[in-house]
There are 2 protein chains.
Amino acid sequence: MRRTPAPRPLPPAEDQAARFARQREADRTATAEDYVELIADLLRADGEARAVDIARRMGVSQATVTATIGRLQRDGLVETKPYRGLFLTDAGRDMAQAAKARHELVVRFLIAVGLDAETAEQDAEGIEHHASEAALQAFERFLAARKAGG
Amino acid sequence: MRRTPAPRPLPPAEDQAARFARQREADRTATAEDYVELIADLLRADGEARAVDIARRMGVSQATVTATIGRLQRDGLVETKPYRGLFLTDAGRDMAQAAKARHELVVRFLIAVGLDAETAEQDAEGIEHHASEAALQAFERFLAARKAGG
DNA sequence: TCCGAAAGTTAGCCTAGGCTAAGAAGTGAT
DNA sequence: ATCACTTCTTAGCCTAGGCTAACTTTCGGA
């Protein structure tokens, strides 16, 4: 029982820097993914996506939604007409679909490893943006194995 | 084989808004956690934490480090003397220790579910900030069970 | 000792993503 | 058709977290 468990040396600075850089990249796309995912859900559920509903569901002001939508439009993810509802471009739809699939996979995975549904839903919101393709595949394999094995 | 898999209704707006709010809260603390964790690592490995090394390992400029350290100092996590190294306050040490424990738990967990070590390290960087206490406990249980069962 | 390189800071700029307050545009009921 | 209400936008502000360029301080070697 030693006090210094494992004086693991620090990773090479370049590796660590690369990880943080990828991290910041993921942070940048997270907002866009959350928005298009929500817009897709609203379009499916209500037939339209209105700024006021997005504001309510994101827990932010309408002014913030207007500004964010502007960025999404600039980035070619949504289309808007002033005072009209929002629509997703092809790119937006693709992103939404991928985000939704990731989200649901992460939720199912978290529940499978023993988390309650409510917390799984909460944590998935953050984790989905930081799980790599490799991680998602590992989650899929895990779920498949669990299903097969019982 | 239906085209519309499950027209799952949207969650209540308030619940969803609360989740996003907690999400934003986690995002705000993530930077602080990353910094104090790195500072603790540097102190342990090198005996001192210098801004230039933090800049190198975070992949940002020294000016960015200076600004961020200023915020950490304002928030009572680090202590600095101009042109001298950095030191953690008690609060900073606590945060660093918790962050490190979370980080390593997430890495071990990701490896246990089939991820390679390199990707686990990368993904943990993002996931550690978004896993709730309940999730971390679930990960612990999973690892314990895996160890017991084989 | 002193002087050049390395380290740290400061100034000034930028974007994302929050906010409030106020005004403009659309909509529904009478 | 009008008027009140809702929705959307605009203006102006803020913080976090990036950047470069220029300046200051420290430190080590000749």
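Read the figures in this text as sums done on the coordinates, not as results from a lab. Note that this is a predicted model, so its numbers are computed, not measured. Glycine also receives a Cβ, built like all others from the backbone with ideal geometry; neighbour counts cover every protein chain displayed.
Tabulated values for the structure
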quantity: Criterion violated by B:GLY92 - all others in (1) in contact with a strand residue (DSSP E or B) (Cβ under 8 Å, 6 or more places away or on another chain); (2) at the interface with chain A (Cβ under 10 Å from one of its Cβ atoms); (3) among the small types (Gly, Ala, Ser) satisfied; calculated: (2)
quantity: Top-ranked residue in segment B:37-88 [being more than 12 Å from DNA strand C (Cβ to nearest atom), away from chain A (no Cβ under 14 Å) and buried (at least 18 other Cβ atoms within 10 Å of the Cβ); ranked as nearest to A:PRO9 (Cα to Cα)]; calculated: B:LEU88
quantity: Candidate set: segment B:37-62, residues that are β-branched (Val, Ile, Thr) and either touching a strand residue (DSSP E or B) at 6+ places or on another chain (Cβ under 6 Å) or not in a helix (DSSP H, G or I) (or both); chosen: the one farthest from B:LEU77 (Cα to Cα); calculated: B:VAL60
quantity: Some residue of segment A:56-64 being touching a residue at least 40 places away in the same chain (Cβ under 8 Å) and either farther than 29 Å from B:ALA131 by Cβ or within 13 Å of DNA strand D (Cβ to nearest atom) (or both); calculated: no
quantity: Of all residues in segment A:83-136 being under 22 Å from A:THR31 (Cβ atoms) and assigned to a loop (DSSP other than H, G, I, E, B), the one that is farthest from the chain's Cα centre (by Cα); calculated: A:GLY85
quantity: Meets criteria (in contact (Cβ under 8 Å) with a residue 40 or more places away in the chain and closer than 26 Å to B:THR119 by Cα) for B:ASP75; calculated: no
quantity: Residue count, segment A:66-82 (criterion: small (Gly, Ala, Ser) and either in a helix (DSSP H, G or I) or within 12 Å of DNA strand D (Cβ to nearest atom) (or both)); calculated: 2
quantity: Filtered residues of segment B:102-118 (kept if buried (at least 18 other Cβ atoms within 10 Å of the Cβ) and either at the interface with another protein chain (Cβ under 7 Å from one of its Cβ atoms) or out of contact with any helix residue (DSSP H, G or I) (no Cβ under 7 Å at 6 or more places or on another chain) (or both)); calculated: B:LEU110, B:VAL113, B:LEU115
quantity: Condition met for B:THR119 (within 12 Å of DNA strand C (Cβ to nearest atom) and either in contact with a Phe, Trp or Tyr (Cβ under 9 Å, 6 or more places away or on another chain) or without any contact (Cβ under 8 Å) to a residue 12 or more places away in the chain (or both)); calculated: no
